[in-house]
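Scroll down for the structure; my scribbles are underneath it.
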Amino acid sequence: MKKPTSLMMALGLAAIMPNAFAGSEHVATKTQLNITSTDSVIKSVNPRYPKKAVRESIEGWVKLAVDVNKQGNVSKVKVVDAQPRRIFEDEAVKSMKQWQFKPKNIDGKLVPYQVSQTIKFELKNFNMDTGQYEQ
């Protein structure tokens, strides 16, 4: 049975709203994406909110350095910083590896490039007594 959630995540300057799934697994779904650079996102995969973080009401963020190849695929993801450490990094990296960006063209040649992306994990309207998110 699906449980309604109000899990919020901000992805860089992107606003994310969640979908709820059976059990305590939560996966966010993109609803709005505002990238300030000229490099646009073609495909994004939203990270799961770690079960431990949901259970313990932990919020935080992960800053990533993302290498994008000539075809616009993510070739490397490096964690630059995170708060708190060792909670959200794995899920942020897993999701970012599945993103695809618009290839960058300079003087008629496709070139690799790097973007910086911060993923912010926030719990909104989570009721610890019921274990559900309220509207």
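Just a few scattered comments:
- Cβ-Cβ FRET estimate between residue 83 and residue 111, R0 fixed at 30 Å, reported to 0.05: 0.40
- Exceedance of the 19 Å cut-off in Cα-Cα distance is limited, within the set 78/109; 52/78; 63/94; 52/76; 51/120; 51/94, to 78/109; 52/78; 52/76.
- Potential lengthening between residue 40 and residue 65 on full extension [0.36 nm per residue; Cα-Cα distance subtracted]: 7.4 nm
Readers should treat all values here as calculations from the given coordinates under stated rules, not as data from a laboratory. Because the structure is a prediction, the values reported are computed rather than measured. Quick reminder, even Gly has a Cβ in these numbers, built from the backbone with ideal geometry, and neighbours come from all protein chains shown.
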